[in-house]
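A short write-up of the structure that comes next.
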Amino acid sequence: MTPEQQSQKTRALCELAPVIPVLVVGDAGRAEGLATALVAGGLPVLEVTLRTPAALDVIRAMARVPGGHVGAGTVLTPDDAKRARDAGASFAVSPGLTERLARACEDIGLPLLPGAVTASEVMRAMELGYSMLKFFPAEAAGGAKSLKSLAGPLPQVSFCPTGGVTLQNAPGYLALPNVVCVGGSWIAPDAELAAGDWAAIESRARDARALR
C-alpha cells in the first residue's frame with residue numbers, strides 16, 4: 001500500500017466523524033465496553049495509544065466491536081506497526097515520520113497517519129507521498145493559528161490536530177479548510193473509564209459528534 005493510498009484510507013476514516021478519541025487504556029477488560037459506548041455515541045474511529053502493556057489486547061478486543069475502526073497510536077517503529085496490525089489495528093498513528101516507518105507500513109499494508117508540525121516536516125511527508133497528516137502537539141505548536149498559516153502555501157495537505165484539543169477549542173480547528181477532524185482524549189476521562197461509566201462516555205461522544 002503506497003503512501004498515497006494510505007492517505008486516501010486515513011482521510012476516509014477521518015471524514016467519518018469530527019473527533020477521533022485518543023485512548024490510553026490500561027485494562028483490556030474495559031476495552032469492549034469503552035468501544036461500544038464510543039461507537040454508540042457516534043464516534044466510530046478510535047485510536048488506542050501503545051502506551052500501556054495492555055494496549056495490544058485492548059486493540060484486539062475493540063476490533064471485535066461492530067461499527068468500529070480501531071487504530072494504534074504512538075506507533076514509532078516498524079515493529080510497533082507490525083504488532084499493531086497483527087492485533088487487529090486497521091490504521092496506525094505516529095507523532096512523526098521516518099522513512100523506516102513509512103516503508104514498513106507500505107510493506108505490511110497498514111495505513112499510516114504520520115505527524116508533522118513545521119512546513120519542512122509537511123513537505124518531507126509530501127515527498128514520501130502522504131497528504132493526510134496528524135498535527136501534533138497541536139496547542140503547544142501554535143494551535144489553530146499555525147494550522148491556518150500552513151493552509152496558504154500547502155493547501156493540498158489535510159490534518160487531524162491532536163494534543164491539547166478540547167471540546168471548547170475543537171470548533172476553532174474544525175472551521176479550518178485544512179482540518180478534517182481532531183483527536184481528543186477528553187472523551188474518555190480516567191475516572192469514568194475506571195468506573196466503567198459507559199453512559200457518561202457515550203454522552204461525551206454525542207457532544208463531540210455534534211461539533212460538526
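Key figures for this structure:
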read-out: Options Leu76, Ile59, Thr162, ranked by Cα towards positive dipole end of the stretch 3-206, top entry (Cβ charges); value: Thr162
read-out: The chain, accessible area per residue, ligands and nucleic acids excluded (1.4 Å, Å²); value: 42
read-out: Accessible-area ranking of Lys145, Lys9, largest first, probe 1.4 Å; value: Lys145, Lys9
read-out: Relative contact order (%) - the stretch 3-206, alpha-carbon pairs under 8 angstrom, separation at least six; value: 24
read-out: Near-label residues of the stretch 178-204 by backbone N, under 20 Å of a point 7 Å along Cα→Cβ of Ala141; value: 178-186
read-out: Gain in span if fully extended, Leu211 to Thr118, counting 0.36 nm per residue against the direct Cα distance; value: 30.8 nm
read-out: Sites Glu127 and Ala12 - FRET efficiency at Förster radius 25 Å, r taken between beta-carbons, to 0.05; value: 0.65
read-out: Accessible-area value, Met1, 1.4 Å probe, nucleic acids and ligands omitted, Å²; value: 70
read-out: As computed over the chain, the Cα convex hull volume per residue (Å³); value: 98
read-out: Karplus-derived HN-Hα couplings along the stretch 176-181 (A = 6.51, B = -1.76, C = 1.60, θ = phi - 60°), whole Hz, x at Gly and Pro; value: 7, x, 9, 10, 8, 7
read-out: FRET efficiency, 1/(1 + (r/R0)^6) with R0 35 Å, evaluated for Ala151 and Asp27 via beta carbons; value: 0.30
read-out: Within the chain: Cβ-based charge dipole about Cα centre, in debye rounded to nearest 20 (Lys, Arg +1; Asp, Glu -1); value: 320
read-out: Carbon and sulfur %, accessible surface of the chain computed with the full protein complex present, 1.4 Å; value: 53
read-out: Sites Arg51 and Arg100, calculated FRET efficiency, Cβ-Cβ separation with R0 25 Å, nearest 0.05; value: 0.75
read-out: Distance (nanometres) between label positions extended 7 Å along Cα→Cβ at Ser203 and Ala175; value: 2.8
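The values are calculated or read from the model by the stated rules, or taken from the named source; none is laboratory data. The model shown is predicted, which means the values in this text are computed figures rather than measured ones. As a convention, Cβ positions derive from the backbone with ideal geometry for all residues, glycine included, and neighbour counts pool all protein chains shown. What goes into the accessible areas is simple: the full protein's heavy atoms, side chains included, and nothing from ligands, DNA or RNA. Shrake-Rupley method; radii C 1.70, N 1.55, O 1.52, S 1.80 Å.
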